[in-house]
Amino acid sequence: MDFHHVPVLLQECLGGLAIDPAGTYVDCTLGGGGHSFEIAQRLGPQGRLICFDQDENALKAGGQRLAPFGERVTLVRTNFANILEVIDHLGMGPVNGVLMDIGVSSHQLDEGDRGFSFHQDAPLDMRMDQENPVSAETVLNEWSEAEIARILWEYGEEKWSKRIAQFIVNRRPLKTTGDLVDAIKAAIPAGARREGGHPARRTFQAVRIAVNDELGVLERGLEGAIQSLAPGGRLAVITFHSLEDRIVKQTFHRWVNPCTCPPGFPVCVCGKPQLADHVTRKPVTATEGELENNPRSRSAKLRVVEKR
């Protein structure tokens, strides 16, 4: 089980979190443990790190990598949407910093039998949590044509969504990622397939997001994270596509500028308190050096806020 992980925007994350050696931090997406290891290295004897992941393989590999830090590190198998409840249950809040590295991990993409990659033929799985009752096979073989078309358009921004959904339904039952790729290639006219990389990329992204409720989890996780932070604590979020980044951007803006009064009002009367301040006003992206060493960082965006 090779869970090698090159952490994206590592130095930028560490700087954004402004780590206190005696503080308590949460890595919401342990993955290969790259970010967690570097955070743990910067903690003193009083510091604590809590690591979440819903993937059992990630927890096993991450646990081995973080073993040298002993009791400073607590591993929890859970979805980060549950951050507030877990922190309360552990009695370790409020915390000084939260990191979210959103989306599918490099390991999950590379692990062929999980069904995340359109480059390898595998069962239609795509579940980040193997206990999730909904898999890609469920979505593609049981959901209606209209619902499949909707997720392909909303989550994948796929302009051929209706036609791809029609071909998927007509070819049921689909059993493997190869079956799905074949349906997509048959649905998209040959001339259009040359546009925007692999023709299956957007569909695979959309189905994965639907299977794992990724956007709903992100929204719930952000709200739980801000409530878990101590005043002065920081939340750093890395996203990899526009749908995620839009949610983070809009949520941060609402926390920083909560007033809902009409623009012409001389003073605020809604009384909504400001929850946070921007640490990064614009998203931080990878340097040319990082792009050369880790091409997967190309679409990564980091945003950071500090709780009031």
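Averaging 1/r over each pair of different alpha-carbon atoms in the chain and inverting the result gives 20.6 Å, the Kirkwood hydrodynamic radius.
For the range 115-212, what ratio Rg/Rh do Cα atoms give with a Kirkwood hydrodynamic radius?
Details: Rg = 12.0 Å, Rh = 13.0 Å.
Value, to two decimals: 0.93.
How do Thr29, Thr177 line up, fewest other C-beta atoms within 10 Å first?
The most exposed by this proxy come first: Thr29, Thr177.
In straight-distance terms, cross-link reach from Lys162 covers every one of the lysines whose alpha-carbon lies under 20 Å from its own, apart from those fewer than eight places away in the same chain; here that gives Lys185.
Report the normalised scattering of the range 235-277 as log10 I(q)/I(0) at q = 0.18 Å⁻¹, calculated by the Debye formula with identical scatterers on the alpha carbons. Here log10 of I(q) over I(0) equals -0.61. Of the peptides 293-303, 154-164, the order by per-residue mean of other Cβ atoms within 10 Å, starting with the highest, comes out as 154-164, 293-303.
Extension gain for the segment Leu90 to Gln227, taken as residue separation times 0.36 nm less the Cα-Cα distance, is 47.8 nm to one decimal.
Each residue, Ala18 and Glu56, gets one label point 7 Å from its Cα in the Cβ direction; the gap between the two is 4.1 nm.
Just add up the charged neighbours of Leu124: K/R +1, D/E -1, any other residue whose Cβ is under 9 Å from the Cβ of Leu124.
Details: positive: Lys175; negative: Asp125, Glu137, Asp179.
Overall, the nearby charge balance is -2.
What Kirkwood hydrodynamic radius do you get for the range 53-95 when you take the inverse of the mean 1/r over all pairs of distinct Cα atoms, in Å?
Working: mean 1/r = 0.0888 Å⁻¹.
Hydrodynamic radius (Kirkwood, Cα pairs) of the range 53-95 is 11.3 Å.
Going down the table (Lys249/Lys307; Lys159/Lys249; Lys175/Lys301; Lys249/Lys272; Lys159/Lys301), which pairs top 27 Å between alpha carbons?
In this structure, Lys175/Lys301 lie more than 27 Å apart at Cα.
Please compute the Kirkwood hydrodynamic radius of the range 151-308 from all pairs of different C-alpha atoms, in Å with one decimal. That comes to 18.6 Å for the range 151-308.
Computed from the coordinates by the stated procedures, all read-outs in this text should not be read as laboratory data. The structure presented is a predicted model; accordingly, all values stated were derived computationally and were not measured. Here the Cβ is made from the backbone with ideal geometry for all residues, glycine too, and neighbour counts use every protein chain on show.
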